[in-house]
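Novice: Handing you this structure, nothing more for now.
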Amino acid sequence: MPKVTAEKEAGFVSSCFWYRVCCSVVYCCECRYALFVFDNDNLQDTWDFSALATNLTIKNGVVFFQYNPKLCARKIYELLEVTGLADQVDTIDVSPTTNGDGMACQ
């Protein structure tokens, strides 16, 4: 099954389009990560959860967020809460220092 990867995409500001392009359920069979978001200079948001008709579900795997300087950690943690993955990731999966380090985050 597919996994979603966003790596070094200069035009990304928000990943909201992934919901429409892919699906609401992300599967990952042979890897730890179902969603891998790495080194995106302009990414500032994950999903607009208030606009989703259904919940975003990751059935197999966890997420990886590293080196996204404009993506504040609170946006990533919101995604983790919505998907129920908050207790399944650690600082290797989601860095509190390399995400959001390029702008003032709350």
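The values are calculated or read from the model by the stated rules, or taken from the named source; none is laboratory data. Bear in mind that the values here come from a model prediction, so they are computed numbers and not experimental data. Reconstructed Cβ throughout: ideal geometry from the backbone, glycine too, with neighbour counts over all protein chains shown.
Novice: Quick check on Thr83: is it under 13 Å from Ala34 (Cβ atoms) and polar (S, T, N, Q)?
Specialist: Yes; evaluated as a whole, the condition is true for this residue.
Novice: Okay, next question. Among the residues of the stretch 55-88 satisfying the criterion of being among the basic types (Lys, Arg), under 18 Å from Gln106 (Cβ atoms) and surrounded by fewer than 20 Cβ atoms within 10 Å (Cβ to Cβ), which is nearest to the chain's Cα centre (by Cα)?
Specialist: Arg74
Novice: Can you tell me which residue in the stretch 87-101 is nearest to Phe49 (Cα to Cα), limited to those that are out of contact with any Phe, Trp or Tyr (no Cβ under 7 Å at 6 or more places or on another chain) and among the hydrophobic types (A, V, I, L, M, F, W, C)?
Specialist: The residue in question is Val89.
Yes/no per residue for (1) in a strand (DSSP E or B); (2) buried (at least 16 other Cβ atoms within 10 Å of the Cβ); (3) within 11 Å of the chain's Cα centre (by Cα); (4) modelled with pLDDT of 75 or more:
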| position | (1), (2), (3), (4) |
| --- | --- |
| Glu30 | no, no, no, no |
| Ala34 | yes, yes, yes, yes |
| Asp41 | no, no, no, yes |
| Ala53 | no, no, no, no |
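Novice: Name the residue that is nearest to the chain's Cα centre (by Cα), counting only residues in the stretch 89-106 that are among the aliphatic types (A, V, I, L, M) and surrounded by 13 or more Cβ atoms within 10 Å (Cβ to Cβ).
Specialist: Result: Val94.
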